[in-house]
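Written out below as structure tokens is the structure these notes cover.
Computed from the coordinates by the stated procedures, all read-outs in this text should not be read as laboratory data. Given the structure is predicted, the values throughout are model-derived calculations rather than measurements. Note that each Cβ is placed from the backbone with ideal geometry, even for glycine, and that neighbours are counted across all protein chains shown.
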Amino acid sequence: MLTSVACGRAAPTATTPGGRMIALSTGTPGQAGFANRALTIVDRATWTILRTVPLDGSGRAFLSRDPRARLWVSLRGPDDNPAAIAQVFSADGDKLLDVPTCAAGHRAVFASGLAWVACETNGFVGAYARIDDADLGLVGTSSFSFSGSDAFTVTAAGLVADSFAIAGNINGGAGVMFFDTTTQVSRQRALGVATNVRDIVPDGAHGLFLNVFSALASPAGSVPDVFDFQDPTTDATGFAVTPSPRAGVVVGNDDLYIYAFVAGAPHATLARRSARTGAVTTWPSTLPGAVDQMATDGAAIFLAHSETTSDALDGLYELDPTIGTLTRRLPLPDVTDLIFVPRAEGP
């Protein structure tokens, strides 16, 4: 079931939630124009917009937040003209600096006093940039290749234990490169056929790698929907949730919630996997197509959804984790990413 809240305001609750939602709108990848490009700061208690900051550039971008509460928008850019910039903003949305990275950058992650940005470059080799957390100066860029493959196209990045993990498409499936955030010593892991990592969901020190190609496995179910890496020195543990997860989030009790979409299927699927028992509960989603990103405040679950042909259903949604219903809390055209900032950590 899909419900909508009038004027983008949440229904009353027994306790008023605090904090802010930070949303990123970048237009729809593949469409000309990219009319809506903005960083939007939203009051979580009232679902009212506090500030909208127009963004430069075109093409895809990724949102993250550093340990100093600054907001990072890493610009990937369009395929034919990739960007090599991360835009850094204060917690209130004031533009601080354009930081150079490398071509076609992905989401910035933070470890060992540095921001780490993985970059697609040319599809044959990958690269990453390191930026000093204190002065936002570029420390350096490094390129890498995946042994045994003549291709590596970055698809996602995150942290696993003390390593910067970069997932990418290689010959015959997906591969993962791990770089120690202190020594930069690298390790690599191949995930096999019918694998393509859409996102890396943090779960404590673990990284949950969402395999958006699992629906292509033959026989069905023979390839995991999710790969759980505890550290770079051991193989991942794979498990099933529902085929082709695109976005996910781990909530306070360690349960994993995902949004999955298979092209040609009658509907997308929302799913919950219990960390304690491994039991999976699924619900059909009444949103057409895919969800771009999910976030949590530790209890509630939020989704960013944008359509490819219309803004009619675009916006920030909240998932009821008990019955799987979605409620649109705020219409927001072309929203593709979001994070939650607790009140104690916000401005």
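Below, the figures for the structure above:
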{"read-out": "Per-q log10 I(q)/I(0), region 277-319, q = 0.15, 0.18, 0.29 Å⁻¹ (Debye; single scatterer per alpha-carbon; no solvent)", "value": "-0.45, -0.62, -1.11"}
{"read-out": "All-pairs Cα distance distribution in region 253-347, expressed in whole percent, bin size 5 Å", "value": "3, 13, 22, 24, 19, 11, 6, 2, 0"}
{"read-out": "Local electrostatic count, SER90, Cβ distance below 12 Å [Lys/Arg +1, Asp/Glu -1]", "value": "+2"}
{"read-out": "Two-site FRET efficiency, ALA69 against THR327, from Cβ-Cβ distance with R₀ of 30 Å, rounded to 0.05", "value": "0.60"}
{"read-out": "For LEU332, residues with placed amide H under 5 Å, excluding near neighbours", "value": "GLY315, LEU316"}
{"read-out": "Under-5 Å amide H pairs with VAL139, H placed in peptide plane, nonlocal only", "value": "ARG130, ILE131, ASP132"}
{"read-out": "Where only alpha carbons of the chain are counted, the Rg and the Dmax (Å)", "value": "19.0, 57"}
{"read-out": "Local electrostatic count, CYS119, Cβ distance below 14 Å [Lys/Arg +1, Asp/Glu -1]", "value": "+2"}
{"read-out": "P(r) histogram, all alpha-carbon pairs of region 133-237 included - 10 Å bins from 0, percent", "value": "16, 46, 30, 7, 1, 0"}
{"read-out": "Inter-centroid distance (Cα atoms) of region 197-267 relative to region 44-60, Å", "value": "29 Å"}
{"read-out": "Fraction of alpha-carbon pairs over 23 Å apart in region 204-322 - percent", "value": "29 percent"}
{"read-out": "Once exposed loop trypsin sites (Lys or Arg not before Pro) are cut out (DSSP; at most 16 other Cβ, 10 Å), longest piece of the chain", "value": "69-275"}
